[in-house]
Amino acid sequence: MSSIFIFGLLIVFMLTGMPISIALGLTVLSFIFTMTEIPTESVALKLFTGIDNFEIMAIPFFILAGNFLTHGGVARRMINFATSMVGHWYGGLGLAGVMACALFAAISGSSPATVIAIGSIMLPAMVAQGFPKRFGAGVITTSGALGILIPPSIVMVIYCVATGGSIALDPAGHRVSSASVGQMFMAGVIPGLMLATLLGVTTFYRAWKNDYPRMPKATFAQRLEAFRKCVWGLLLIVIVLGGIYAGLFTPTEAAAVSAVYAFVIAVFVYRDMSLKDVPKVLLGSANMSAMILYIITNAVLFSFLMANENIPQQITNWITSIGVNWVMFLLIVNIVLLAAGNFMEASSIVLIMAPILFPVAVSLGIHPVHLGILMVVNMEVGMCHPPVGLNLYVASGIAKMGITELTIAVWPWLMTMLIFLGMVTYIPEISLWLPRMLGML
């Protein structure tokens with residue numbers, strides 16, 4: 001009855017149109033004041049202690065690094081490099097868009113930032129070269145979703161924060177801790193490269209089938225020059241992932257280093273941004289960080305209420321009692337997450353659902369890292385379909401297309417993403433092989 005009341009109240013608040021963060025907070029306060037004897041002081045204390053987490057500090061730093069790179073011309077140099085490498089194939093600019101999105105995703109950690117940075121340059125160029133606008137919009141909208149799968153990823157950090165305080169027991173009764181940010185980052189490398197390849201194959205096939213334009217093949221010297229110009233941006237990938245794996249710094253420290261590095265190359269190396277532009281970037285990053293941290297604060301409070309009412313344990317016991325195995329459970333998880341993607345944005349879904357799903361998944365023998373990557377891929381799909389798909393709205397503004405038309409445009413690539421979701425769901429080694437090989441699991 002408690003779970004029905006809590007989730008029913010949350011849905012009612014959301015249907016009124018209020019922001020998800022406020023709906024979460026009101027749900028918790030309403031339940032505590034009417035159905036429990038928990039003192040008000042504990043609520044206030046939980047609000048402060050809930051975000052007293054070292055890993056959360058990575059979020060504003062990664063946002064700041066992404067904003068410096070978005071405004072600093074790094075995206076344009078990456079596009080030129082990608083075009084020099086694959087521009088002569090069928091649908092060359094489209095393939096370059098996929099490759100550029102994958103490269104930029106590896107330094108930004110945000111899908112909307114990737115769509116803006118790559119799409120604002122690539123879409124007009126594709127239309128000017130003779131590609132249909134729908135084709136270009138479909139490529140950029142879906143490839144931009146790589147921003148939360150290829151590390152570093154803000155959504156992966158949020159998943160680790162959301163499951164950090166959860167108690168979970170495996171089938172043998174041993175306690176299992178949640179995934180670390182470093183494990184999640186390494187686990188996202190193989191799935192990210194696989195999805196980028198599959199999106200590239202879909203792009204190539206459609207371009208070959210419709211005989212879309214190709215560009216002249218770049219010479220080795222042109223490719224080398226394009227690489228030289230974008231190498232400072234690519235070095236950020238080495239600094240973040242290499243530094244974490246080598247043990248030089250934690251993911252949070254890597255985020256801080258990436259923000260400083262992005263500032264230096266944008267202002268002093270590439271000189272695409274002047275010092276007078278820096279306050280505007282700082283303010284924009286602060287606004288975005290405050291929004292995400294406010295959602296996290298209320299979601300932590302929501303998780304505290306569920307833990308206090310033993311809701312995750314009750315769900316675990318119920319699922320175990322009716323004989324649901326891991327195969328059926330993961331199918332249910334995918335359906336629930338895809339449905340939630342119709343109403344909420346990615347960080348809210350992860351913050352609400354991860355603490356509930358984590359204990360159940362572990363009790364069925366599912367690895368926390370596998371569950372995390374599965375949730376991230378679901379969030380990618382959710383960003384590319386209506387009515388709340390954030391990438392759709394961002395791409396719609398860039399391409400000057402309606403949401404309905406853009407939804408039709410992304411359909412071939414969206415089907416590719418759904419096929420990939422099935423692969424990630426039932427082939428755990430796609431997510432677990434690399435961190436296991438590196439000795440992180």
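The values are calculated or read from the model by the stated rules, or taken from the named source; none is laboratory data. All of these numbers come straight from a predicted model, not from anything done at the bench. Cβ atoms come from the backbone with ideal geometry, glycine included; neighbour counts cover every protein chain shown.
Values as computed for the structure displayed
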{"quantity": "Looking only at segment 14-65, and only at residues there that are modelled with pLDDT of 80 or more and of a type in the set (Gly, Ala, Ser), the one that is farthest from Val267 (Cα to Cα)", "calculated": "Ser30"}
{"quantity": "Qualifying positions in segment 203-231 - outside any loop (DSSP other than H, G, I, E, B) and among the basic types (Lys, Arg)", "calculated": "Arg206, Lys209, Arg223, Arg228, Lys229"}
{"quantity": "Qualifying residues in segment 373-406 (those that are touching a Lys or Arg at 6+ places or on another chain (Cβ under 9 Å) and touching a residue at least 40 places away in the same chain (Cβ under 8 Å)) - the one nearest to Ala339 (Cα to Cα)", "calculated": "Leu406"}
{"quantity": "Of the criteria (1) under 17 Å from the mean Cα position of the chain (by Cα); (2) within 23 Å of Gly136 (Cα to Cα), which one Met375 fails", "calculated": "(2)"}
{"quantity": "Matching residues, segment 232-275, being under 20 Å from Cys160 (Cβ atoms) and not in a helix (DSSP H, G or I)", "calculated": "Gly247, Leu248, Phe249, Thr250"}
{"quantity": "Which numbered condition Leu69 fails, given (1) more than 23 Å from the chain's Cα centre (by Cα); (2) farther than 20 Å from Ile296 by Cα", "calculated": "(1)"}
{"quantity": "Which numbered condition Gln183 fails, given (1) more than 26 Å from Trp411 (Cα to Cα); (2) among the polar types (S, T, N, Q); (3) surrounded by fewer than 20 Cβ atoms within 10 Å (Cβ to Cβ)", "calculated": "(3)"}
{"quantity": "Residue that is farthest from Gly242 (Cα to Cα), among those in segment 177-202 that are assigned to a helix (DSSP H, G or I) and hydroxyl-bearing (Ser, Thr, Tyr)", "calculated": "Thr202"}
{"quantity": "Residue tally, condition closer than 19 Å to Ser143 by Cβ, among the β-branched types (Val, Ile, Thr) and without any contact (Cβ under 8 Å) to a residue 40 or more places away in the chain, over segment 407-441", "calculated": "1"}
{"quantity": "Boolean, Val127 is β-branched (Val, Ile, Thr), over 28 Å from Leu241 (Cα atoms) and out of contact with any Phe, Trp or Tyr (no Cβ under 9 Å at 6 or more places or on another chain)", "calculated": "yes"}
{"quantity": "Odd one out for Lys209, checked against (1) more than 30 Å from His370 (Cβ to Cβ); (2) in contact (Cβ under 8 Å) with a residue 12 or more places away in the chain", "calculated": "(2)"}
{"quantity": "Members of segment 366-393 that are of a type in the set (A, V, I, L, M, F, W, C) and under 22 Å from Tyr426 (Cβ atoms)", "calculated": "Ile366, Val369, Leu371, Ile373, Leu374, Met375, Val376, Val377, Met379, Val381, Cys384"}
{"quantity": "Hits in segment 129-172 - residues which are touching a residue at least 40 places away in the same chain (Cβ under 8 Å), closer than 19 Å to Ala361 by Cβ and over 12 Å from the mean Cα position of the chain (by Cα)", "calculated": "Cys160, Val161, Ala162, Thr163, Gly164, Gly165, Ser166, Ile167, Ala168, Leu169, Asp170, Pro171"}
{"quantity": "Filtered residue count, segment 78-116, keeping only those that are touching a helix residue (DSSP H, G or I) at 6+ places or on another chain (Cβ under 7 Å) and in a loop (DSSP other than H, G, I, E, B)", "calculated": "6"}
{"quantity": "Output for segment 314-349, where each listed residue is small (Gly, Ala, Ser), part of a helix (DSSP H, G or I) and either surrounded by 15 or more Cβ atoms within 10 Å (Cβ to Cβ) or touching a Phe, Trp or Tyr at 6+ places or on another chain (Cβ under 9 Å) (or both)", "calculated": "Ala340, Ala346, Ser347, Ser348"}
{"quantity": "From the options Phe62, Phe13, Phe5, Phe33, residue that is under 30 Å from Gly138 (Cβ atoms), out of contact with any Cys (no Cβ under 8 Å at 6 or more places or on another chain), in a helix (DSSP H, G or I) and hydrophobic (A, V, I, L, M, F, W, C)", "calculated": "Phe62"}
{"quantity": "Any chance Ile121 is surrounded by fewer than 24 Cβ atoms within 10 Å (Cβ to Cβ) and either part of a helix (DSSP H, G or I) or within 13 Å of the chain's Cα centre (by Cα) (or both)", "calculated": "yes"}
